[in-house]
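**Student:** Handing you a structure now.
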Amino acid sequence: MRNLFSQRTRIWLALLLACCLALLAACGGGGDDPPGATSGSLTVSIGGLSAGVAGAVTLSGPASYSKLLTASTTLTDLAPGAYALSAASVAHGTGTLAPTPATQQVQVDAGATASASVTYAATAPLALALQEVVSGLSAPIFLTAPAGDSRLFILERPGRIRVVQNGNLLATPFLDINALTTTSGERGLLSLAFHPQYASNGYFFIYYTDLAGNIVIERRQVSAGNANVADSLSALAILTIPHPTFSNHYGGLLSFGPDGYLYAGTGDGGSAGDPPGNAHNTNVLLGKLLRLDVNASTVAQPYAIPPGNPFATAGGRPEIWAYGLRNPWRYAFDLTAQLLYIADVGQANREEVDVRPVGQAGNNYGWNIMEGTQCYNSASCNQAGLVLPAIEYGHDMVGGCSITGGYVYRGTALPELTGHYLYSDYCSGWLKSFSYSNGTASAVTDWNITNVGNIVSFGQDAQNELYMLSGTGKVYRIVHK
């Protein structure tokens with residue numbers, strides 16, 4: 001009887017346990033069991049990069065997933081599905097590192113880790129050439145364009161602004177002030193700056209020398225009925241700077257800075273050695289970089305003094321932003337790095353490029369205490385408080401005689417050149433560049449450009465592509481060889 005009871009008890013208990021388990025399953029029980037995996041992982045290996053060089057691999061996948069990868073990594077919690085990797089070339093010095101493969105697909109499964117790899121390798125070194133854009137110009141001296149505009153505006157030193165539209169040089173000048181200027185010495189129409197809001201207000205500013213040799217800065221306006229012709233009656237005098245005695249060292253560049261103010265680089269007044277001492281005299285406007293607010297110019301008040309000008313309250317001309325310059329023929333703002341590059345023409349021995357932060361006021365660039373890194377006409381000099389060049393070169397067979405400053409390349413046609421400052425020399429006509437970071441210039445490169453005549457100026461279009469202007473009357477675009 002005991003055995004029968006025990007057997008029946010065991011059967012009853014087994015049936016009871018089975019019912020309980022079935023009931024738990026029906027009611028969502030079994031919480032201690034692990035759920036099925038719903039995401040996966042992907043390991044991406046990026047190789048072939050030098051220290052400090054970032055890759056450029058874009059991963060895209062389900063649900064509009066997108067992520068830029070710059071180095072090897074493992075990504076987790078990815079939705080299962082197909083993922084695409086697209087790798088772009090990256091700059092390395094003045095060369096390029098290209099990826100292999102450029103594109104690939106990989107499947108990510110739930111509960112698993114997939115893998116993909118991209119390997120970078122150097123391509124052929126960058127080589128540059130000059131592509132002729134226009135010829136037959138009369139002393140072309142500057143090239144620029146308004147923001148977002150496909151045209152080129154080229155200045156001829158005798159007083160004309162010419163327009164290149166769709167590759168054609170228009171016969172009618174945009175502006176002709178030939179009767180207001182002269183090309184004696186280094187005089188003439190020297191530069192042009194379009195207002196940042198030119199598309200809406202039509203204002204542009206010119207820098208030229210009048211018939212007496214004085215520096216004149218004027219505001220003009222495009223005509224209402226023709227975008228390729230300026231209004232001849234729109235002149236508003238902004239500033240006239242006396243430039244007596246000598247017909248050289250006018251500086252000449254106007255440019256709007258990233259702060260929206262108008263900058264003007266003036267020469268020291270001419271002759272050799274700055275005999276009047278203009279460059280260090282903060283009571284005169286020669287040998288300076290000026291900074292003006294021209295955003296509300298009127299006849300009664302052509303300009304205002306921007307806040308932050310170093311001599312705005314006392315002790316000098318309030319227009320001055322920096323001083324100690326000999327002949328800053330060309331300077332350039334690099335908006336990306338927030339740096340100002342000034343190519344200051346030397347006296348008889350050294351040519352220099354100075355680089356400082358754009359917002360740094362009151363810099364003293366040293367002339368005529370120093371020429372480049374050398375004391376001028378002296379075995380020693382007090383260099384305290386002076387800005388020394390980022391680079392310099394001498395007057396010799398491989399150097400030149402007069403630096404022609406350019407721009408930091410920020411276009412798209414030559415990605416390998418991004419961030420490099422380009423410059424030339426009037427006498428030698430070569431094309432060189434250097435890179436600048438952490439207060440140091442490096443990677444000085446000669447691009448083996450020859451036989452293009454005296455290089456008078458660089459130019460930059462609205463797409464940030466760069467040009468060189470030759471004394472032969474030609475304009476060239478810098479391109480891949």
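**Student:** Distance between Cα centroids, the stretch 214-235 to the stretch 78-121: provide it in whole Å.
**Tutor:** 53 Å
**Student:** Another question, then. Compute the relative contact order of the stretch 68-219 as a whole-number percentage, counting only Cα pairs closer than 8 Å that sit 6 or more residues apart in sequence.
**Tutor:** 13 percent
**Student:** Which order do PHE333, PHE458, PHE246 take by accessible area at a 1.4 Å probe, largest first? Don't skip to the answer; put the middle values down first.
**Tutor:** Working: PHE333 35, PHE458 0, PHE246 70 Å².
Descending accessible area places them as PHE246, PHE333, PHE458.
**Student:** While we're on this one: Sort 173-179, 304-310 for me by packing, meaning the mean count of neighbouring Cβ atoms within 10 Å per residue, highest on top.
**Tutor:** Taking the mean over residues of other Cβ atoms within 10 Å, the ranking is 173-179, 304-310.
**Student:** Report the dimensions of the stretch 324-392 along its three principal axes from the alpha-carbon atoms, largest first, rounded to Å.
**Tutor:** Principal extents (Cα only, largest first): 39, 23, 16 Å.
**Student:** Once you place label points 7 Å from the Cα toward the Cβ at SER232 and GLN107, how far apart are they in nm?
**Tutor:** Inter-label distance under the simple model: 7.6 nm.
**Student:** Kindly express, to the nearest 10 degrees and within the range 0 to 90, the angle between helix 2-26's C-alpha long axis and the longest C-alpha principal axis of the chain.
**Tutor:** Once rounded, the angle reads 30 degrees.
**Student:** THR440 label point, 7 Å along Cα→Cβ, cut-off 19 Å on backbone N: hits in the stretch 48-63?
**Tutor:** 50-54
**Student:** Here's something else I'd like to know. Rounded to the nearest 0.05, what FRET efficiency do SER60 and ALA121 have when you use their Cβ-Cβ distance and R0 = 22 Å?
**Tutor:** E between SER60 and ALA121, to the nearest 0.05, is 0.40.
**Student:** Under the definition of Cα pairs under 8 Å and six or more residues apart, what whole-number percent is the relative contact order of the chain?
**Tutor:** Result for the chain is 11 percent.
**Student:** Along the charge dipole of the chain, pointing to its positive end and built from +1/-1 on Cβ of Lys, Arg, Asp and Glu, which listed residue (LEU155, ASN464, GLY111) has its Cα farthest out?
**Tutor:** GLY111
**Student:** Could you order the peptides 239-245, 363-369 from most to least packed, using the average number of other C-beta atoms within 10 Å per residue? Kindly include the intermediate steps, with their values, before the conclusion.
**Tutor:** Values: 239-245: 16.4, 363-369: 22.6.
Ranking the peptides 239-245, 363-369 by packing returns 363-369, 239-245.
**Student:** Can you give me the % of accessible surface on the chain that is carbon or sulfur? Probe 1.4 Å, all protein chains present, nothing else counted.
**Tutor:** Within the chain, the accessible surface is 52 percent carbon and sulfur.
**Student:** What accessible area per residue, rounded to a whole number of Å², is obtained for the chain using a probe radius of 1.4 Å? Please list the in-between numbers first.
**Tutor:** Numbers: 21500 Å² over 481 residues.
Per residue, the chain has an accessible area of 45 Å².
**Student:** Right, another one. Could you give the length gained on full extension between ALA82 and ALA348, defined as 0.36 nm per residue of separation minus the Cα-Cα distance, in nm?
**Tutor:** Result for the pair: 89.1 nm of gain on full extension.
**Student:** Arrange the peptides 374-387, 89-102 so that the one whose residues have, on average, the most other Cβ atoms within 10 Å appears first.
**Tutor:** Result, highest mean first: 89-102, 374-387.
**Student:** Let me ask something else about it. Averaged across orientations, what area in nm² does the convex hull of the alpha carbons in the stretch 346-481 project?
**Tutor:** 9.5 nm²
**Student:** Restricting to Cα pairs below 8 Å that are 6+ residues apart, what does the relative contact order work out to for the stretch 49-126? Please round to a whole percent.
**Tutor:** 27 percent
**Student:** Taking the square root of 5 times each eigenvalue of the Cα gyration tensor, what semi-axes in Å does the equivalent ellipsoid of the chain have, largest first?
**Tutor:** Equivalent ellipsoid semi-axes, largest first: 65, 25, 24 Å.
**Student:** Tell me the net charge near GLY362. Cut-off is 12 Å between Cβ atoms, GLY362 excluded, with +1 for each Lys or Arg and -1 for each Asp or Glu.
**Tutor:** +3
The values are calculated or read from the model by the stated rules, or taken from the named source; none is laboratory data. If you're wondering where the values come from, they're calculated on a predicted model, not measured in any experiment. Here the Cβ is made from the backbone with ideal geometry for all residues, glycine too, and neighbour counts use every protein chain on show. Surface areas here come from the heavy atoms of the whole protein model, side chains and all, with no ligands, DNA or RNA. Shrake-Rupley method; radii C 1.70, N 1.55, O 1.52, S 1.80 Å.
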